[in-house]
Amino acid sequence: MEFPDLGKHCSEKSCKQLDFLPLKCDVCKQDFCKDHFTCAAHKCPFAFKKDVQVPVCPLCNKPVPVKKGEIPDVVVGEHMDRDCKYHPEKKEKIFMYRCSKEGCKKKEMLQVTCDQCRGNFCIQHRHPLDHSCKHGSRPISVAGCSARRASESKPSGAFSTLSSSWLAQRFRSKVKR
């Protein structure tokens, strides 16, 4: 038993197969079988409407608009000659903080400043002992650096001395009892 009204024939001239589930080309709106429904398979004359690609400038990495009928390579070339914002001679410096240690030529992205001598140093020479820091007249030792940091972080004054001595006396009096 045959159903002549069911399904459609493939629009490809070489195929004309009766397909019960035909696929419609979304560009030319014709019906095709599963083998010919892509634009490339049936050589769709309107494929350029769907295959829209925007070229990207290789220098500035921005899309370059192309009008119908223009050759993308020519348009991108004109963009590079006239409108491109990329300038290779105008390169931004990333590593701009040079080490102040004598003989060191390293540069850093971030500024690393010594707290004592206010010099700018690379990661390798950032510690006062590594760059022979002369704060005042003599270099500060490791113990001196840690003592200075400790004195800056703790509260100083008569109150802290008084409270610690009072606490020590209370502790001694309890031990004697």
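Listed values, structure above:
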read-out	value
Lys pairs under 21 Å by Cα in segment 1-82, provided they are eight or more residues apart or on distinct chains	27
Solvent-accessible heavy-atom area per residue, rounded to whole Å², over segment 27-74 at 1.4 Å	79 Å²
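The values are calculated or read from the model by the stated rules, or taken from the named source; none is laboratory data. These numbers come from a predicted model, not from an experiment. Each accessible area value is taken on the protein alone, full model and side chains, heavy atoms only, with ligands, DNA and RNA left out. Shrake-Rupley method; radii C 1.70, N 1.55, O 1.52, S 1.80 Å.
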